[in-house]
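Asks: Quick one: the structure is below, and I'll ask about it shortly.
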Amino acid sequence: SAPSLLNSGIGHQALFWDARLAGSFPFAPTDSTLRFLPPSSNVLVRQAMLPVLDRDEMRGLAGDRDVHGQPNELALIADEAPDEVWQALMQRLLAIQEYVTLFRAAFPATVTPTFQDAARAIATFQMQAFTRTGSPFDRYLDRDDGALTTEQKRGGVLFFGKARCNQCHNGPMLGSQGTA
């Protein structure tokens with residue numbers, strides 16, 4: 001039931017099956033972890049910061065070992081200290097020279113990158129990798145009358161007319177995320 005990241009470059013109203021990340025900041029968090037998130041107008045940036053805090057999803061439990069067999073220092077950090085988790089993750093990332101080079105290129109004005117910078121990089125990648133706007137329907141909307149077949153145009157008339165599909169599937173992505 002999770003929303004797709006397809007066309008995330010166009011924008012998302014909400015993420016997660018329960019829409020716990022919705023709209024733009026500020027929002028009323030229903031999940032206690034959300035209160036720790038820094039403000040961002042991009043829901044994908046905020047989403048990228050959450051999985052690393054979740055013990056079941058990525059962070060692990062005390063006693064776990066990392067991929068190199070070393071004790072997992074992230075699992076020892078208290079759940080109420082997300083900034084410490086994000087700082088520890090940045091220490092891991094910045095220990096790899098290739099990442100340092102990439103952070104410098106992506107954020108030239110930043111002296112010391114933060115995990116929010118890493119989340120912005122992840123969100124930017126997702127927006128670029130999963131945005132597709134050259135479909136026949138997109139071309140038709142751009143006034144290319146030959147982009148759709150007669151049968152597809154008839155389907156569109158049904159979609160927006162008698163079948164009333166657009167009652168739920170509306171907005172910029174016709175994906176039931178609303179028109180707002």
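Asks: May I ask you to say which residue of PRO113, PRO71 is out of contact with any helix residue (DSSP H, G or I) (no Cβ under 6 Å at 6 or more places or on another chain) and not charged (D, E, K, R)? Reasoning before the result, please.
Replies: Values: PRO113 fails: out of contact with any helix residue (DSSP H, G or I) (no Cβ under 6 Å at 6 or more places or on another chain).
The unique qualifying residue is PRO71.
Asks: Inside the range 127-147, can you point out the residues that are modelled with pLDDT under 90, open to solvent by less than 100 Å² (accessible area, probe 1.4 Å) and in a loop (DSSP other than H, G, I, E, B)?
Replies: If the condition is that a residue be modelled with pLDDT under 90, open to solvent by less than 100 Å² (accessible area, probe 1.4 Å) and in a loop (DSSP other than H, G, I, E, B), then PHE130, THR131, THR133, GLY134, SER135 are the ones that fit.
Asks: Would you be able to tell me the number of residues in the range 134-161 that are farther than 14 Å from LEU174 by Cβ, within 29 Å of the chain's Cα centre (by Cα) and among the small types (Gly, Ala, Ser)?
Replies: Residues flagged as farther than 14 Å from LEU174 by Cβ, within 29 Å of the chain's Cα centre (by Cα) and among the small types (Gly, Ala, Ser) within the range 134-161 amount to 1.
Asks: Right, next: Report whether or not GLU57 is under 23 Å from VAL43 (Cα atoms), in contact with a helix residue (DSSP H, G or I) (Cβ under 9 Å, 6 or more places away or on another chain) and exposed (fewer than 13 other Cβ atoms within 10 Å of the Cβ). First the steps, then the outcome.
Replies: Working: under 23 Å from VAL43 (Cα atoms): yes; in contact with a helix residue (DSSP H, G or I) (Cβ under 9 Å, 6 or more places away or on another chain): no; exposed (fewer than 13 other Cβ atoms within 10 Å of the Cβ): yes.
Taking the combined requirement at face value, the residue does not satisfy it.
Asks: Filter the range 67-85 down to residues that are in contact with a Leu (Cβ under 9 Å, 6 or more places away or on another chain), surrounded by 14 or more Cβ atoms within 10 Å (Cβ to Cβ) and assigned to a loop (DSSP other than H, G, I, E, B), then give me how many there are.
Replies: 1
Asks: Moving to a separate point now. Name the pairs whose Cβ atoms lie under 6 Å apart, with the first residue in the range 140-154 and free of Cβ contacts under 8 Å to residues at least 24 places away in the same chain, the second part of a loop (DSSP other than H, G, I, E, B) and surrounded by 11 or more Cβ atoms within 10 Å (Cβ to Cβ), and 6 or more positions between them or separate chains?
Replies: Qualifying pairs under 6 Å: TYR140/ALA147; TYR140/LEU148.
Residues are listed down the side, and each one gets a yes or a no for (1) under 30 Å from LEU37 (Cβ atoms); (2) surrounded by 14 or more Cβ atoms within 10 Å (Cβ to Cβ); (3) in contact with a Gly (Cβ under 9 Å, 6 or more places away or on another chain):
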position: ALA105; (1), (2), (3): yes, no, no
position: GLN116; (1), (2), (3): yes, yes, no
position: PHE125; (1), (2), (3): yes, no, no
position: PHE159; (1), (2), (3): no, yes, no
position: LEU174; (1), (2), (3): yes, yes, no
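Asks: Additional query: Where the second residue is at pLDDT 85 or above and the first is closer than 14 Å to PHE137 by Cα and lies in the range 160-180, which pairs have Cβ atoms under 8 Å and are six or more apart or on separate chains?
Replies: What qualifies is PHE160/ASN166; LEU174/ASN166.
Asks: Same structure, new question: Which numbered condition trips up ALA95, out of (1) at pLDDT 95 or above; (2) surrounded by fewer than 19 Cβ atoms within 10 Å (Cβ to Cβ); (3) under 24 Å from the mean Cα position of the chain (by Cα); (4) of a type outside the set (Ser, Thr, Tyr)?
Replies: The number of the failed condition is (3).
Asks: So, in the range 132-147, exactly how many residues are among the hydrophobic types (A, V, I, L, M, F, W, C) and under 16 Å from PHE160 (Cβ atoms)?
Replies: Residues in the range 132-147 being among the hydrophobic types (A, V, I, L, M, F, W, C) and under 16 Å from PHE160 (Cβ atoms): 2 in total.
Asks: What residue, of LEU174, LEU74, LEU141, LEU148, is of a type in the set (A, V, I, L, M) and within 20 Å of LEU44 (Cα to Cα)?
Replies: Working: LEU74 fails: within 20 Å of LEU44 (Cα to Cα); LEU141 fails: within 20 Å of LEU44 (Cα to Cα); LEU148 fails: within 20 Å of LEU44 (Cα to Cα).
When all the criteria are applied, what remains is LEU174.
Asks: Now, a different point. State which residue pairs qualify: first residue without any contact (Cβ under 8 Å) to a residue 40 or more places away in the chain and inside the range 73-99, second residue aromatic (Phe, Trp, Tyr) in any location, beta carbons under 6 Å apart, and separation of 6 or more residues or different chains.
Replies: As it stands, the answer is TRP86/PHE115; LEU89/PHE115; MET90/PHE115; LEU93/TYR99, since those pairs meet every condition given.
The values are calculated or read from the model by the stated rules, or taken from the named source; none is laboratory data. Because the structure is predicted, anything quoted here is derived from the model rather than measured. Cβ atoms come from the backbone with ideal geometry, glycine included; neighbour counts cover every protein chain shown. In case anyone asks, the SASA skips ligands and DNA or RNA and just uses the protein heavy atoms, side chains included. Shrake-Rupley method; radii C 1.70, N 1.55, O 1.52, S 1.80 Å.
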